[in-house]
1. With 80, 65, 133 as the choices, which residue is in contact (Cβ under 8 Å) with a residue 60 or more places away in the chain and within 19 Å of residue 47 (Cβ to Cβ)?
2. Name every residue in region 80-94 that is in contact with a helix residue (DSSP H, G or I) (Cβ under 6 Å, 6 or more places away or on another chain) and surrounded by fewer than 19 Cβ atoms within 10 Å (Cβ to Cβ), in order of residue number.
3. Can you tell me which residue within region 95-140, out of those that are over 19 Å from the mean Cα position of the chain (by Cα) and assigned to a loop (DSSP other than H, G, I, E, B), is nearest to residue 66 (Cα to Cα)?
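Bear in mind these aren't lab numbers, they're just calculated from the coordinates by the rules spelled out. Computed from a predicted model, the values in this text were never measured in an experiment. Here the Cβ is made from the backbone with ideal geometry for all residues, glycine too, and neighbour counts use every protein chain on show.
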């Protein structure tokens, strides 16, 4: 008959190396999960930068006196903000709606800026990662109703 301590050693020998094997199986999955969390965070930071660029463009446009000057200033402001955030847009689109400048003095009017930026995932997370993401944001800013236009 076998002694109990020998049975314990045999059972322990069967489990030897199982922790290493479990780690080898789980490590790639955990690294992939960590990479996805980093990618999601970077996409959200880029989306925030696009929102900020749209808000800045709308605000700068609302401060100008003419529609043409507002459009020029808003586009420059949006490009400046995207560059300041080091966001490299493959194709970018900046659309400024200055129809509010045609409203008569005394009426409520607004300027709307829409900024779209397509960023590659390789720029956001891991170099060489395929794919891209288009981020779009729209912001509206009021024009002073009693200012001459």
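1. Details: 80 fails: in contact (Cβ under 8 Å) with a residue 60 or more places away in the chain; 65 fails: within 19 Å of residue 47 (Cβ to Cβ).
When all the criteria are applied, what remains is 133.
2. Let us first name the residues in region 80-94 that are in contact with a helix residue (DSSP H, G or I) (Cβ under 6 Å, 6 or more places away or on another chain), namely 81-82, 85, 87-88, 94.
Listed by number, the residues that qualify are 85, 88.
3. Looking at the filtered set, the residue picked out is 98.
So that you can scan it fast, the table gives a plain yes or no per residue for (1) on the phi > 0 side of the Ramachandran plot; (2) surrounded by fewer than 16 Cβ atoms within 10 Å (Cβ to Cβ):
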residue: 96; (1), (2): no, no
residue: 105; (1), (2): no, yes
residue: 113; (1), (2): no, no
residue: 119; (1), (2): no, no
residue: 122; (1), (2): no, yes
residue: 131; (1), (2): yes, yes
residue: 135; (1), (2): no, no
residue: 143; (1), (2): no, no
